[in-house]
Amino acid sequence: MSETEKTPSSSAAKSAALLPEPVFTEGPWVLLPHRAWPTEMWASPWKLPRYRRGAMMLAGLLLLGTGAALLIGEIAPWADMLHARLMLAMATFGLPPPAVMCVWGALQIALLIGIFILAPVVIVWWERKISAHIQSRFGPMRTGGFHGWLQTAADGLKLLLKENITPQHADSWVHRLAPAVALVPALVAFAPVSFGQELSAADIDIGTLYIFAMTGVSVLGIMMAGWASANKYSLLGGLRSAAQLVSYELPRTFAVVPVLMFAGSLNLSQIVAAQQGYWGEGYGFALLPRWFIFYPVVGQLSFIIFLIASIAETNRTPFDIPEAESELVSGFHTEYSGIKFSLFFMAEYGAMLLSCLLMASFFLGGGSAPLPFLRFIPSWAWFLSKAVVLVFCFLWFRWTFPRMRVDRLMDFCWKFLLPWSFANIAFAGLYLLL
Amino acid sequence: MNTAPAPSRSELKTDQLFVNLGPQHPSTHGVLRVGLTIEGEIIVKAEPDIGYLHRGIEKLCETRSYGQCIVLSDRLDYCSAMTNNLAFCLAAEKLLGVHAPQRADALRVAMCELQRIASHLILLGTYGIDIGAFTPFLYAFREREMVMDLFEMVSGARLTYNYIRIGGVRADVDAQWVARTREFLEYFKPRLDEYDTLLSYNPIFIDRTRGVGVISAEKAADYGLSGPNLRASGPAYDARRAEPHCGYEKYPFDVITAESGDCWDRYHCRVREMRQSVRILEAVLDGLPGGEILAKVPKIVKPAPGESYAHVEGARGDLGVYLVSDGGPNPFRAHVRAPSFLNLSILQEIFLGQRMADAIAILGSLDIVLGEVDR
Amino acid sequence: MNDSNYFKTIWTASVNTLKGLYVTWRYLFKPAITVQYPEEKLAPYPAFRGTLLFDAKTCIACGLCAKACPSECITLESRKDGAGKRVPKPEWYALDLGKCNYCGLCEEACPTKPRSVWHSLDYEVAFSERSEMLRCWKSDTPFLGEIWDPKAKKLKKPKTHLQVQSVPARRMP
């Protein structure tokens with residue numbers, strides 16, 4: 001339907017005779033006669049029906065999420081029942097208990113891989129929406145109808161259908177393996193993460209060490225990508241990126257050392273367990289949860305150092321020189337197209353999610369609720385919400401800050417973050433003594 | 001090429017690499033090619049290569065009447081079309097011996113200052129993108145939309161206005177336009193503080209631009225820089241103060257200078273100039289005189305043979321138009337003193353010894369528009 | 001090492017960082033200002049110089065518009081009566097929309113009241129072939145003009161042309 005405005009003046013009849021006959025383009029469209037300036041729109045945002053609808057949608061989503069969490073929390077004990085039934089079923093087929101462990105383990109692995117693949121899809125869509133609203137625009141609105149929720153799927157499909165180019169002079173096996181070497185360690189590192197009470201895929205005693213070791217291996221994938229591209233600039237970009245990643249691993253690991261000192265164990269479930277409880281409970285009222293971030297000075301410093309180092313580890317702005325399009329030297333993934341490129345992409349967002357999950361585990365208490373009376377929401381829902389808030393911080397920082405220059409980046413790591421992380425360990429030691 | 005002395009044990013002999021910065025590149029502002037010879041990370045030679053956007057505007061002016069040439073002048077510095085119009089019209093008026101009426105002068109000043117705000121907003125946005133901050137670009141263009149709306153209300157176009165004519169301006173503004181402009185100014189003033197918070201005083205931005213690409217005052221004067229590029233190095237030369245035109249002497253504004261002449265200073269001079277433009281605009285709107293908007297100029301403009309030169313303070317620097325007339329309806333010769341062309345010449349010197357990552361920052365801070373450079 | 005300066009720098013940098021974050025945080029909750037284009041179209045202001053339209057009935061074939069155009073996109077021929085004398089009516093009028101630079105000089109030059117050639121408020125005019133850029137009018141062609149189809153060798157109506165009619169389409173002097 002098209003809406004037009006006729007001038008209500010006395011010469012309406014005369015101008016009607018002068019007006020051309022309409023020829024319209026197809027499709028339902030509406031002509032907005034009034035050009036609304038930001039001054040009017042922002043002076044009274046609640047008058048805009050679009051804004052009201054958006055706010056109600058967000059509130060509805062939040063309620064839906066909480067409701068879903070509660071509902072699934074109700075049916076979580078069924079997992080135990082499922083396990084018992086599986087054991088029974090296996091026994092009837094004459095298979096020994098280790099076979100059940102294999103099947104159960106396979107289910108857990110499938111779930112983790114599902115999370116790992118779903119995470120970039122959801123995070124990329126969310127990033128586009130958040131960046132758009134920060135910039136006073138809408139972001140994806142069409143693909144899939146409702147605010148473009150299928151946009152990432154469409155982009156992924158497009159990447160899948162692209163031609164898989166391997167440069168002629170490139171080392172073809174290295175070129176093919178590089179994305180996998182970058183991706184698989186990031187995926188494997190998800191295993192010890194405890195998603196809530198007794199909800200980790202592999203509750204190993206050296207969980208923290210294992211995670212940091214695995215994320216270190218993906219640096220190899222990036223170097224392989226730079227080398228195999230047979231392109232001077234990609235090689236330089238790959239080396240630069242590798243240097244950045246390796247350097248920032250140090251403050252990252254040292255920032256976690258105070259947490260380990262407080263928790264007394266490398267096991268992620270233990271670390272989370274050490275953060276249960278509330279300060280002030282002895283006096284009858286719970287003031288603050290015993291999360292490591294609330295420990296004076298040490299907690300905040302560790303958290304900030306870990307946050308900054310994680311942003312650098314995942315190649316996000318302000319540390320995204322290797323990916324920057326406006327810099328002259330191109331990044332390590334210039335020669336990659338199609339599915340290989342999307343694997344790098346997934347590795348980056350998977351690593352980002354992993355960093356947020358780790359921050360939630362180490363500093364924000366894993367699945368523990370902020371206040372005692374909020375414990376009816378299941379622990380995994382709290383864990384995911386904390387991780388989601390941290391992912392939002394990652395996105396927020398990307399769209400606010402400019403990019404650091406490479407040498408300043410390295411200066412920042414070695415001359416600022418690393419000494420402060422050492423000092424932090426000293427503070428933690430002091431804290432433990434007192 | 002390799003005139004390096006015999007390498008000592010501590011020196012490694014590195015090869016020199018020739019790299020093209022442009023002409024297709026997300027950060028060069030327009031189609032500019034700079035041939036860089038780099039040694040490791042340091043640039044040892046820079047050769048700007050222009051001409052990709054040459055459209056022969058000066059030659060075209062010779063076959064069009066003065067009124068039609070104004071249409072061409074719009075397309076010179078397309079980010080700042082009002083000042084181009086103004087420079088051309090002032091030169092033509094000098095040839096004719098005509099003065100625009102007072103109301104037309106005031107409107108010209110208002111349009112030029114609005115255009116200055118719009119042009120500096122482009123610099124703010126694109127410089128942010130060069131440095132890696134994506135958001136200020138959209139904020140700047142959101143404000144620019146409002147300025148373009150104001151221009152659309154009065155002249156009918158959003159980028160190439162054809163508004164300032166020989167003898168005055170094309171159309172008058174009504175009270176509604178004045179009210180909307182005031183609305184825009186009220187909205188815009190806090191935005192400048194926001195840009196400062198978001199971009200100018202961001203530690204990472206300062207890190208990238210402070211102390212980079214320092215141009216001393218002598219070098220700036222030697223190369224003929226003008227506009228914010230010159231004023232950021234110290235000399236307080238502003239064509240609006242040096243040779244006031246269109247009644248600029250009536251309006252209060254400061255000439256913005258800075259001391260060190262690095263990229264941050266050049267960028268921040270432009271942000272502060274936007275504030276001064278707001279000041280001028282408020283003064284103009286408060287004291288808008290009544291009267292005619294177009295002086296009596298013959299329909300077919302045929303100035304007496306002679307030559308004239310008029311220069312205005314464009315958004316990029318000192319924009320001048322030199323007209324030679326032979327008595328006919330078309331100019332015999334029109335030449336444009338384009339500030340971006342002269343600003344670009346300093347690249348050959350300022351790039352030497354800089355890192356490649358800084359090259360983009362320096363190029364962006366010079367704020368060149370290739371339409372002007374190539375004409 | 002200057003201790004007080006070191007901590008002061010850290011403090012200022014952190015505060016400025018947080019202030020920048022606060023700016024973007026606030027914009028997150030303000031309404032977006034963009035328009036969903038094909039479903040919502042913006043109407044230009046009354047002074048807007050859009051695509052040219054022509055009225056063959058009021059035109060007197062003086063040719064002032066053709067002389068005024070800097071891009072030479074207007075061509076016309078006046079009608080001749082039986083004795084071969086020129087009549088102030090156009091035989092045909094052709095406008096090359098590909099050359100038009102939307103300056104408005106032809107509109108200003110037209111002496112008739114109301115003007116015979118004017119910039120409408122239409123901004124959505126799309127072509128899929130170069131031959132479609134030339135709009136032709138004969139004495140009875142409506143305002144939008146017609147396009148010469150070289151293959152079919154006849155004039156056809158323009159298909160894609162948004163008519164924005166929120167104000168009288170011609171500017172009276």
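Throughout, read-outs are computed from the coordinates displayed, never taken from laboratory work. Since the structure is predicted, the reported quantities are computational estimates derived from the model, not experimental observations. Note that each Cβ is placed from the backbone with ideal geometry, even for glycine, and that neighbours are counted across all protein chains shown.
Taking a temperature of 25 °C and a viscosity of 0.890 mPa s, what whole-number D in µm²/s does Stokes-Einstein yield for the protein assembly as shown with Rh from Kirkwood over alpha carbon pairs?
On the way: Rh = 32.6 Å.
It diffuses with D of about 75 µm²/s by this estimate.
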For helix C:3-28, report the angle its Cα long axis makes with the longest principal axis of the Cα atoms of chain C; keep it between 0 and 90° and round to the nearest 10°.
-> 40 degrees
Residues whose placed amide H lies under 5 Å from that of residue B:212, excluding near-sequence neighbours = B:263, B:264
Could you line up B:352, C:53 from fewest to most neighbouring Cβ atoms inside 10 Å?
-> B:352, C:53
Length gain on complete extension for the stretch residue B:39 to residue B:55, per 0.36 nm per residue less the alpha carbon to alpha carbon distance?
-> 2.2 nm
Shape of region A:101-235 from its Cα gyration tensor (a ≥ b ≥ c, root eigenvalues): rounded if a/c is under 1.5, otherwise prolate when a/b > b/c, or oblate?
-> oblate
Loop sites only, by DSSP: take the GluC sites (Glu not before Pro) in chain B that have at most 11 other C-beta atoms within 10 Å and name the longest stretch containing none of them.
-> B:12-258
Listed residues B:101, A:321, B:56: farthest to the positive end of the dipole of the protein assembly as shown (Cβ charges) | B:101
Quick one: if you stick a label point 7 Å off each Cα along the C-beta vector at residue B:292 and residue A:34, how many nm between them?
-> 4.0 nm
With label points set 7 Å from each Cα along the Cα-to-Cβ direction at residue C:10 and residue A:422, the distance between them in nm comes to 1.4 nm
Restrict the search to region C:13-80; then list the GluC sites (Glu not before Pro) that DSSP places in a loop and that have at most 15 other Cβ atoms within 10 Å of their Cβ.
-> C:39, C:72
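Full-extension gain between residue A:389 and residue A:410, please, as 0.36 nm times their residue separation minus the C-alpha to C-alpha distance.
So the extension gain works out to 4.8 nm.
How long are the three semi-axes of the equivalent ellipsoid of region C:1-82, in whole Å, if each is the root of 5 times an eigenvalue of the C-alpha gyration tensor, listed from largest down? Write down the numbers at each step before the final one.
Details: eigenvalues 846, 82, 13 Å².
Semi-axes from the Cα gyration tensor: 65, 20, 8 Å.
Using DSSP loop states and a limit of at most 15 other Cβ atoms within 10 Å to flag trypsin sites (Lys or Arg not before Pro), what is the longest stretch of chain C containing no flagged site?
Working: sites that count: C:57, C:85, C:99, C:138, C:151, C:153, C:159.
Longest run free of exposed loop sites: C:1-56.
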Label residue B:309 and residue A:71 with points 7 Å out from Cα along Cα→Cβ: what is the distance between them in nm?
-> 7.9 nm
Normalised by the residues of chain C, what does the relative contact order come to in percent, with Cα pairs under 8 Å and at least six apart?
-> 22 percent
Compute the FRET efficiency between residue A:113 and residue A:84 as 1/(1 + (r/R0)^6), taking r as their Cβ-Cβ distance and R0 = 30 Å, and round to the nearest 0.05.
-> 0.75
How do B:99, B:29 rank when sorted from fewest to most other Cβ atoms within 10 Å of their own Cβ?
-> B:99, B:29
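In the neighborhood of residue C:65, defined by Cβ-to-Cβ distances under 10 Å, what is the net charge if each Lys or Arg adds +1 and each Asp or Glu adds -1? Could you put the intermediate results ahead of the total?
Working: positive: C:67, C:115; negative: C:107, C:108.
Result for the neighbourhood of residue C:65: 0.
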Given A:353, A:399, A:388, which one lies farthest toward the positive end of the charge dipole of region A:353-412, if we put +1 on the Cβ of every Lys and Arg and -1 on the Cβ of every Asp and Glu?
-> A:399
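What ranking of B:139, B:223 emerges when the number of other C-beta atoms within 10 Å of each C-beta is taken as an exposure proxy, fewest first?
Working: B:139 24, B:223 20.
Least crowded to most crowded, the residues run B:223, B:139.
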Net charge dipole size for region C:1-151 [Lys, Arg +1 and Asp, Glu -1 on Cβ; Debye, nearest 20] | 420 debye
Over chain B, calculate the relative contact order: mean separation of alpha carbon pairs under 8 Å at least 6 apart, over the residue count, as a percent.
-> 27 percent
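So how strong a dipole does chain A carry about its Cα centre when Lys and Arg Cβ are +1 and Asp and Glu Cβ are -1, to the nearest 20 debye? Don't skip to the answer; put the middle values down first.
Working: 28 positive and 25 negative charges, 180 e Å.
Taking the Cα centre of chain A as origin, the dipole is about 860 debye.
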Farthest positive-ward along chain B dipole, Cα basis, beta-carbon charges - from B:199, B:140, B:306 = B:306
Ratio for region A:76-148, C-alpha Rg to 2.2 N^0.38 Å, reads 1.84
Here the FRET efficiency for residue A:430 versus residue A:376, based on Cβ atoms and R0 = 41 Å and rounded to 0.05, is 0.60
Taking Cα atoms, how many degrees apart are the long axis of helix B:356-366 and the longest axis of chain B, rounded to 10 and kept between 0 and 90?
-> 20 degrees
Rounded if a/c under 1.5, otherwise prolate or oblate - region B:56-374, Cα gyration tensor axes | oblate
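Which is the longest part of chain A that has none of the trypsin sites (Lys or Arg not before Pro) sitting in a DSSP loop with at most 15 other Cβ atoms within 10 Å?
Values: sites that count: A:6, A:137, A:142, A:162, A:375.
After excluding every exposed loop site, the longest remaining stretch is A:163-374.
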Relative to the longest principal axis of chain B, what angle (0 to 90°, nearest 10) does the C-alpha long axis of helix B:263-286 take?
-> 10 degrees
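Give me the Å³ per residue figure for the convex hull around the C-alpha atoms of region A:202-331.
Details: hull volume 15.3 nm³, N = 130.
Normalising the Cα hull of region A:202-331 by residue number yields 118 Å³.
For residue B:333 and residue B:249, calculate 0.36 nm times their separation in residues minus their Cα-Cα distance, and state this gained length in nm to one decimal.
Values: separation 84, 0.36 × 84 = 30.24 nm, distance 3.07 nm.
Additional length available on full extension: 27.2 nm.
If I take every Cα pair under 8 Å that is 6 or more residues apart in region A:263-319, average their sequence separation and divide by the length, what percent do I get for the relative contact order? All intermediate terms of the calculation are to be shown ahead of the outcome.
Values: 40 pairs, mean separation 9.4, N = 57.
Reported relative contact order: 16 percent.
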Which of the helices in chain A meet the span-like rule: DSSP H, Cα axial reach of 15 Å or more, Kyte-Doolittle mean at least 0.5?
-> A:49-75, A:77-92, A:97-134, A:172-188, A:207-228, A:232-263, A:298-313, A:339-362, A:379-398, A:418-433
Cα centre as origin, Lys/Arg/Asp/Glu Cβ charges: the protein assembly as shown dipole, Debye | 2500 debye
If you project the alpha carbons of region B:41-163 onto their three principal axes, what span does each projection cover, largest first, in Å?
-> 56, 35, 20
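Please work out the Cα convex hull volume for region A:162-433 and give it in Å³ per residue.
Working: hull volume 35.1 nm³, N = 272.
Roughly 129 Å³ of hull volume per residue.
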